[in-house]
1. Are there any pairs with C-beta distances below 7 angstrom linking a residue in segment 222-240 that is closer than 13 Å to Gln261 by Cβ to a residue that is among the small types (Gly, Ala, Ser) and part of a helix (DSSP H, G or I), with the two at least 6 apart or on different chains, and if so which?
2. Only one of Ser179, Ser162, Ser168 is assigned to a helix (DSSP H, G or I), closer than 30 Å to Lys35 by Cβ and of a type outside the set (D, E, K, R). Can you tell me which?
3. Tell me, which residue of segment 123-157 that is under 24 Å from Val203 (Cα atoms) and in contact with a helix residue (DSSP H, G or I) (Cβ under 8 Å, 6 or more places away or on another chain) is surrounded by the fewest Cβ atoms within 10 Å (Cβ to Cβ)?
4. Being crowded, with 22+ Cβ neighbours inside 10 Å and in a loop (DSSP other than H, G, I, E, B) is the filter here, so list the residues in segment 6-23 that pass it.
5. Which residue is surrounded by the fewest Cβ atoms within 10 Å (Cβ to Cβ), if the candidates are limited to segment 103-122 and must be of a type in the set (D, E, K, R) and outside any loop (DSSP other than H, G, I, E, B)?
6. Condition first: more than 26 Å from the chain's Cα centre (by Cα), of a type in the set (A, V, I, L, M, F, W, C) and surrounded by 16 or more Cβ atoms within 10 Å (Cβ to Cβ). Now tell me which residues in segment 158-200 satisfy that.
7. Specify which of the listed residues (Leu108, Leu86) is within 18 Å of the chain's Cα centre (by Cα), modelled with pLDDT of 90 or more and within 22 Å of Lys5 (Cβ to Cβ).
8. List every residue pair whose Cβ atoms sit under 8 Å apart, with the two residues 6 or more apart in sequence or on different chains, where the first one lies in segment 48-70 and is without any contact (Cβ under 8 Å) to a residue 40 or more places away in the chain and in a loop (DSSP other than H, G, I, E, B) and the second, anywhere, is of a type in the set (Ser, Thr, Tyr) and buried (at least 17 other Cβ atoms within 10 Å of the Cβ).
Amino acid sequence: MVQHKMWAIGGGKGGVGKSVLTLALSIWLAKLGRKVTVVDADLGGANLHILLGIRYPSVTLQDFISKKVDRLSDVLIDTPHENLKLICGADDMLSLANPKYTQKMRLLNQLNNLPTDFVILDLGAGTSYNVLDFFLYATGKIAVFTPQATSLQNVYGFIKSSLLRRLSREFSQNEALSSLITRFAGGSGEEKISSMSELKHIVREVSEENYIRLCRITDSFDVKIVANMVKKDKDREASKVVRTVTEKYLDIHLTDLGVVQYDPEIERSVNRMVPFLLDNSKSQAALSTYQMAYGILRETAAISAGNEGVRPGSLHPTPGSAVSLP
């Protein structure tokens, strides 16, 4: 059975709130009674420990990748929150930002085998191969953006780059199809392929088998999106814009995980280097991230149960009672 415990949070450039969302979802899942390991996968630029109030981590991913320790479990750090462990990145080792393929797979395999209910990856900014590979490896994928036009473009570019990376790996041994994928990516001097539908049409004329493989990838390419720092009602339309453009040009269907309203307390918490207080009953950001975490929990529970369903109400405490933070 495929495990559905690893979730990756990425999307476009920095500054969209990936780390804060990662931490919020991780804390809620822990408060909902699940064992959670949150991983600062921003290799070479770690800061998640600061948001957790841990200024000087005793061990980091650097110790594992450089083989100072054999097991990933040896770099787990306790956090102020019950059920929540941290694996800290390192910001003082340039080579860590670009691990070799064998190092990367060793890390991913051991992450997947950690004795925990959830592994939440906080990815770095941009679309480097390492970021994309971590994103693609996770069974749960979340792309974060803000309502600004540049952020919408960035998150679309991130999703497209992820899909192209997946296609490139799938068809790496097919020179003709790889060339077509390059044209779709816009990196070729030949006539550009403007959409996935156009690419599928060209591939189908050549090979029905490859066309079917291509359709299977796009049909199963499940990415959830979160609009963050939403201030006005019209900002809520940002998710619809991303979904519409992605469906038109990439032929994939995104899922709305929710929106997070702008909350100045989040920024103040970051500046004070203390975790955001999710138990604030007046905070819409707290409520929305709780609902997202609960949705993730129900989805993974349903998959683990073989889609036989979850007993109604069995996973749904109210955010203001049993799961409230100290």
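1. Note: pairs meeting the criteria are Ala227/Ala238; Ala227/Ser239.
2. Only one candidate passes the filter, namely Ser162.
3. Residue satisfying both the conditions and the ranking: Leu136.
4. Result: Gly11, Gly12, Val16, Gly17.
5. Arg106
6. Leu177, Leu180, Ile193, Leu199, listed by residue number.
7. Values: Leu108 fails: modelled with pLDDT of 90 or more.
Unique residue meeting the criteria: Leu86.
8. Short answer, once both residue conditions are applied: Ile54/Thr79.
The values are calculated or read from the model by the stated rules, or taken from the named source; none is laboratory data. Small disclaimer: the values here were computed from a predicted structure and weren't measured. Cβ: placed from backbone, ideal geometry, glycine included. Neighbour counts: every protein chain shown.
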